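Note sheet for the following structure.
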Amino acid sequence: MQRYELLLLENKAWAKEMRETDPDYFERLVNVQKPDFLWIGCSDSRVPPDKITQTQPGEIFIHRNIANMVVHTDLNLLSVLQYAVEVLKVKHIIVCGHYNCGGVKAAMNRHSYGIINKWLRNIKDVYRYHQQEIDRLPTEEERLNRLIELNIKEQVLNLAKTSIVQKAWKEYNQPHLHGWVYDLHDGIIRPLLDMPANSHLDFPIYEYDDL
Ligand code: CO
């Protein structure tokens, strides 16, 4: 049997088990999607959002990309964000990065990776904002992990800078924004930054006053 065929077999077994333990399970999920959370995470296969938070189908709306970025020109991210905030009305948005992130690591050196350079450029910009703080750290691993943390915080701020989030803050007093980092060594998620609705930004120029 091919490896991919096993996935399909496992899927059948899972669906059967779910039906047996809860006959109405799929019927309920077909009719409604009302997650409280939008998760913006890294594509890394070692950081599966539902597994590490023990959440069930229907509980988290998920967007993943390399290094959990919130890029303000990324139509994919913005579409997910707008739908999550305006239609699903999620109460929380979690940006969850992780230590040992290959995307951030790739952005920290001067090697050219082709098309991915365009994406990594956003992380290099975060490095530039915080270069003094990062370069002061003695080891490469510490510098990498600090940039990972600062990058997560920057992406939370990027969410707060969108008119989508600011409009929802004004109208519904939600969503609450969170920056979390996952540690591959112990499986623990540690909160880094917390932005309740209507938090102010360091630079008022990003706050729209006519939404
Ligand atoms: Co990663």
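Some observations on this one:
- Using a Gaussian network model of the chain in which every pair of alpha carbons under 10 angstrom is joined by a spring, one finds that among Pro35, Pro138, Pro196 the greatest mean-square fluctuation is at Pro138.
- Gaussian network model of the chain, Cα within-10 Å springs - most flexible of Leu38, Leu201, Leu29: Leu29
- Note on the chain: with a GNM built from Cα contacts shorter than 10 Å, the maximum mean-square fluctuation among Asp44, Asp24, Asp125 falls on Asp24.
- Placing unit charges on the Cβ atoms only, positive for Lys and Arg and negative for Asp and Glu, gives region 136-211 a dipole magnitude near 60 debye about its Cα centre.
- Gain in span if fully extended, Asn173 to Leu211, counting 0.36 nm per residue against the direct Cα distance: 12.3 nm
- Other-chain or far-sequence residues with amide H under 5 Å of Leu193's (modelled H): Gly179
- Across region 44-173, C-alpha contacts under 8 Å between residues 6 or more apart give a mean separation that, scaled by the residue count, equals a relative contact order of 31 percent.
- Its DSSP H runs of at least 4 residues, each contributing -39,500 (n - 2.57), put the calculated 222 nm mean residue ellipticity of the chain at -13500 deg cm²/dmol, to the nearest 500.
- Between Leu184 and Tyr99, the built amide H atoms are under 5 Å apart, and every one of these is 5 or more places off in sequence or on another chain.
- Segment Asp183..Leu9, full-extension length gain: 59.5 nm, with 0.36 nm per residue of separation and the alpha-carbon distance subtracted.
- Extension gain (nm, one decimal) between Tyr129 and Phe203, 0.36 nm per residue minus Cα-Cα: 25.2 nm
- With the convex hull drawn over the C-alpha atoms of the chain, the volume per residue is 160 Å³.
Since every read-out is calculated from the coordinates, none of them should be taken as a lab result. Since we're looking at a predicted model, the values are computed, not measured. Counting neighbours? That spans all protein chains shown, and the Cβs are built from the backbone with ideal geometry, glycine included.
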